[in-house]
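Written out below as structure tokens is the structure these notes cover.
The values are calculated or read from the model by the stated rules, or taken from the named source; none is laboratory data. Note that the structure is predicted; figures quoted are calculated from it, not measured. Using ideal geometry, Cβ is built from the backbone for each residue, glycine included, and neighbour counts are taken over all protein chains shown. These area figures cover heavy atoms from the full protein model, side chains too; ligands, DNA and RNA do not enter into them. Shrake-Rupley method; radii C 1.70, N 1.55, O 1.52, S 1.80 Å.
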Amino acid sequence: MPPLSTDHNAKVTQPQPPVQGFFASFFQTLTDVFKDKGIVLMLIIAPIIYGFFYPWPYSSEVVNHVPVGIVDKDNSDLSRTIVRYASASPQLDTRRFLDEQSAKEAIWADEIAGYMVIPSGLEQNVLSGKAASVSVLGNGGYFLLNKNVQMGFLKAVSTVSAGVKIKKSVAQGAYAPTAAQNAQAVPLQIVPLYNQTEGYGAYVVPAVSIIILQQTLLMATAMLIGTWYEQRRHQTSISGWLGRITALSTLSFLIGCFYYGWAFELHHYPRGQNMLGSLLFLLLFCPTVATLGCLLGLWFRQRERSMQILIFSSLPMFFVSGYPWPADQLPTFLQIVRWFIPTTPAINTSVQLNQMGASISQVATGFYALAALWALYFALLVWLRWYNAPKRRQVS
């Protein structure tokens, strides 16, 4: 047996892992995903759990029986009628207060969400034809409850006001049905589209579900690529990267179908208005997000870092998407930056297709934006792959 060389100038080349093609990378990625409990939890189990439990707090959809206060300084037949109608409203749960200061203290103690003040002399002013009004004060710090406080009292006061107007007309000799018809010369009919119950859950959950799909796929993909980087298995050919992206996208696409086809139905949200368009949207959205996850995984280079960074990005991405707040009201800088995030075109495109029934041509801008983002992410991925390509290191 020849002796081992002790020449320090002897050079040994480190072996490189074999480069896989599309199908080999596709099946290897699926194998690695299901062997890694953390990836399975993030990519498959977490979005399914979210689909069950995230909509649960909004199951009642519409906020009813909001605790409110009433301060009646008039103590007349008219004021008692207003109080009775307000108490009968399903939106309100009324409570009487002797003075306005007590009602304010109840708001500060979070016992009520607002209160109505009926001023003294209200009935006398109404009967004499003078200007009269009641005041409604709500907790503006909680806009959802504040809206119910205002709408509940508005309906009660409007109903009583219409009754007073009808009685005055009848007293002046008008025919009762004619007086009732003239009480509202131009009837207002409000018909909510796409969200018939005007429920909060039906508004927020379909949009947030896209954020859930994106963030779970992003973090799982970046974690997987980070793991491969630590194991020096991240390098592959361009077709190999396409195989990896396709494998990860396929799993996320199935979760998206679970949301569209079952989770929304379970919670009685509007869905399936343009199912073909929704599926085509998922076929473009999932690869775009998976490609971004691969790019971030190569950038972070560590498994844990993706979780540490991406877990804090969900809320900012949602708020700049243009769904919870008008995009044209955002600062100019955010109006530009937000278009580099997949959820910016994805949320509105998904809602318009699945909930509103828009055609593909009507949301073509969203498809074009996602396609452009995929091309950008993949180009950056190819560049980063070339930039990080291992040079044939030599060990002396």
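Projecting the Cα atoms of 295, 50, 342 onto the charge dipole of the chain, computed from C-beta unit charges around the Cα centre, puts 295 farthest toward the positive end. With loop defined by DSSP as not H, G, I, E or B, and exposure as at most 13 other Cβ atoms within 10 Å, which is the longest segment of the chain clear of exposed GluC sites (Glu not before Pro)? In short, 199-396.
Of all the accessible heavy-atom surface of the chain, with the other protein chains kept in place and a 1.4 Å probe, what percent is carbon and sulfur?
Values: 13660 of 22090 Å².
Percent of accessible area from carbon and sulfur atoms in the chain: 62.
The charge dipole of the chain, taken about its Cα centre with unit charges on the Cβ atoms of Lys, Arg (+1), Asp and Glu (-1) only, comes to about 1060 debye. 3J(HN,Hα) couplings calculated from phi for the stretch 82-99 with the Karplus curve 6.51 cos²θ - 1.76 cosθ + 1.60 (θ = phi - 60°) are, in sequence order, 4, 4, 5, 5, 5, 5, 7, 6, x, 7, 10, 10, 7, 8, 8, 10, 6, 8 Hz; Gly and Pro show x.
With a cut-off of 13 Å between beta carbons, the residues surrounding residue 135 carry a summed charge of -1, where Lys and Arg count +1 and Asp and Glu -1.
With each run of n ≥ 4 DSSP H residues scored as -39500 (n - 2.57), what mean residue ellipticity at 222 nm is computed for the chain after dividing by its residue count and rounding to the nearest 500 deg cm²/dmol? Taking each H run of at least 4 residues, the total per residue is -18000 deg cm²/dmol.
The H on the amide N of residue 66, modeled in the peptide plane, is under 5 Å from the matching H of 92, 93, each at least 5 residues off or on a different chain. Other residues within the sphere of radius under 13 Å centred on the Cβ of residue 20, judged by their own Cβ, net out at +1 (K and R +1, D and E -1).
Here the scattering of the chain is modelled by Debye summation over its C-alpha atoms, one equal scatterer each and no solvent; at q = 0.08, 0.14 Å⁻¹ the log10 of I(q)/I(0) is -0.62, -1.16. Over the C-alpha trace of the stretch 282-396, radius of gyration and Dmax come out as 17.2, 66 angstrom.
3J(HN,Hα) along the stretch 42-59: 6, 7, 10, 6, 4, x, 5, 4, 4, x, 7, 9, 5, x, 4, x, 9, 4 Hz, from the Karplus curve 6.51 cos²θ - 1.76 cosθ + 1.60 with θ = phi - 60°, whole Hz, x for Gly and Pro. Residue by residue, the stretch 135-142 carries 3J(HN,Hα) couplings of 10, 10, 10, x, 7, x, x, 10 Hz when phi is fed to the Karplus relation 6.51 cos²θ - 1.76 cosθ + 1.60 (θ = phi - 60°); x denotes Gly or Pro. The number of Lys pairs in the chain with C-alpha atoms less than 25 Å apart, excluding pairs fewer than 8 positions apart on the same chain, is 18. Between 130, 35, 104, which gets the highest mean-square fluctuation from a Gaussian network model of the chain, Cα cutoff 10 Å? Looking only at 130, 35, 104, the biggest GNM fluctuation is shown by 130.
Loop exposure criterion: chymotrypsin sites (Phe, Trp or Tyr not before Pro), DSSP state outside H, G, I, E and B, at most 16 other Cβ atoms within 10 Å. Applied to the chain, the longest stretch between such sites is 1-141. Restricting the stretch 292-348 to trypsin sites (Lys or Arg not before Pro) that sit in a DSSP loop and have at most 16 other Cβ atoms within 10 Å of their own Cβ leaves 301.
On average, how much accessible surface per residue is there in the chain, in Å², for a 1.4 Å probe, leaving out ligands, DNA and RNA?
Normalised by residue count, the accessible surface of the chain is 56 Å².
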